[in-house]
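*Asks:* This is the structure I have questions about; it appears just below.
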Amino acid sequence: MIDVRCSDEVRDALESGGPIVAMESTIYSNLGLPAPANGEALDRCIAAIRGRGAVPAVTAVLDGQVRVGLDPAEHPLILGDARKAAERDVPVAVAQRWDFGATTVSASVAISAAAGISVFATGGLGGVHRGAEVTADVSADLDALASHRVVSVSAGAKAFLDLPRTLEYLETAGVPVLGWQHDWFPAFYTRSSGLPVPHRVETADEVARTFANLTRPSSGLLVTVPIPEADELDADELDQVLEDALAECAANGIVGAAVTPFVLERIGQATDGRSVPANLALAENNAGVAADIAVAIAAG
Ligand code: PSU
Ligand code: MN
């Protein structure tokens, strides 16, 4: 099993059974948000988690070490150039002593489970890519949700993915999908994809009770939180941007792990930066909801 180095604060919380919210590092690196929004996102998510009574625990591979919980002085290390580390890359990043392996959702969920952390917050989840019937491009995030006993909180998944198939995958994999005070699966920048969520929940206690009653010893659940109304973007405008970005990927042979960072960059450019504040707002909102859930789980 992987050897995880926790910060003192995270270790203390683990020992006392206190609430902890794990975070990924890809969204804060150059593969996720542009500077300086990435640093602001990190600060706001951490503040949201602390403000709701939980301990934030950023995950990353630094200098070949799997880390959970960073000292603020170390934050600059995750705001720059990164190598993307999905779950399967983590052992390689350790063996080869990568300077900075930026954890995706799948890596973060796996590391959370290894550390004994029950709740993880992110912005958007990876999923089944459009055209996956040909490319077989299905994010490892989905398998990780099915394989580790962790609650993941996200604003659904971006509309450049195949959202109906993403929901089908989660159903097949036995992952409960709970809509946070909302009936629809969110599409990241927009509150609704038009697809209903299988179940709606109103409170963190409901999530905690669902988590306590999962039927499998090591599978997780997904809580989908819609972006706050005031921060939502226009769906029609985004559709066009996504079509164009995906066509550009196809034309330039951009495939596999490179697709998501490429499309994210194009969305940022095409929406003239308006996608960035929206991304920050939803990530911060998710972090707060995740903290409430962690508090409810810790209260047992
Ligand atoms: N979706 C976003 N922003 C992101 C990602 C996804 O809106 O930064 C990142 C997350 O780290 C996610 C990863 O786990 O991309 C999924 O990549 P892939 O599609 O290659 O599995
Ligand atoms: Mn992929």
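The numbers here are math on the coordinates, done by the rules we state, and not lab data. Remember, predicted model here, so these are calculated numbers, not experimental data. Every residue, glycine among them, receives a Cβ derived from its backbone with ideal geometry; neighbour counts consider all protein chains shown.
*Asks:* How about the stretch 145-165: which of its residues are without any contact (Cβ under 8 Å) to a residue 40 or more places away in the chain and surrounded by 24 or more Cβ atoms within 10 Å (Cβ to Cβ)?
*Replies:* Scanning the stretch 145-165 gives A157, L161.
Condition check ((1) in contact (Cβ under 8 Å) with a residue 40 or more places away in the chain; (2) surrounded by fewer than 19 Cβ atoms within 10 Å (Cβ to Cβ); (3) basic (K, R)) across all residues:
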site	(1), (2), (3)
A235	yes, yes, no
L238	yes, no, no
A258	no, yes, no
G268	yes, yes, no
A278	yes, no, no
A299	yes, yes, no
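*Asks:* Quick one: in the stretch 215-259, which of the residues that are assigned to a loop (DSSP other than H, G, I, E, B) and within 16 Å of ligand 2 (Cβ to nearest atom) is nearest to A86 (Cα to Cα)?
*Replies:* Filtering the stretch 215-259 for residues that are assigned to a loop (DSSP other than H, G, I, E, B) and within 16 Å of ligand 2 (Cβ to nearest atom), the one nearest to A86 (Cα to Cα) comes out as V255.
*Asks:* Within the stretch 16-38, is there a residue that is assigned to a loop (DSSP other than H, G, I, E, B) and among the β-branched types (V, I, T)?
*Replies:* Within the stretch 16-38, none of the residues are assigned to a loop (DSSP other than H, G, I, E, B) and among the β-branched types (V, I, T).
*Asks:* Return yes or no: is A95 surrounded by fewer than 18 Cβ atoms within 10 Å (Cβ to Cβ) and either in contact (Cβ under 8 Å) with a residue 24 or more places away in the chain or away from ligand 2 (no atom under 16 Å from the Cβ) (or both)?
*Replies:* Answer is yes for this residue.
*Asks:* In the stretch 1-27, what residues are aliphatic (A, V, I, L, M), within 21 Å of the chain's Cα centre (by Cα) and more than 12 Å from P56 (Cα to Cα)?
*Replies:* Those that are aliphatic (A, V, I, L, M), within 21 Å of the chain's Cα centre (by Cα) and more than 12 Å from P56 (Cα to Cα): I2, V4, I27.
*Asks:* Right, next: Looking only at helices (runs of 4 or more DSSP H) that lie completely in the stretch 65-147, which have at least 1 residues being touching an Asp or Glu at 6+ places or on another chain (Cβ under 9 Å) and within 14 Å of ligand 1 (Cβ to nearest atom)?
*Replies:* 105-115, 132-135, 140-147
*Asks:* Moving on to the next point. Can you name every residue in the stretch 260-286 that is within 10 Å of ligand 1 (Cβ to nearest atom) and either over 14 Å from V225 (Cα atoms) or outside any helix (DSSP H, G or I) (or both)?
*Replies:* Across the stretch 260-286, the qualifying residues are T260, P261, V263, L264, I267, S275.
*Asks:* Which residues, taken from the stretch 166-195, are buried (at least 20 other Cβ atoms within 10 Å of the Cβ) and either among the charged types (D, E, K, R) or in contact with a Cys (Cβ under 9 Å, 6 or more places away or on another chain) (or both)?
*Replies:* Passing the criteria: only R191.
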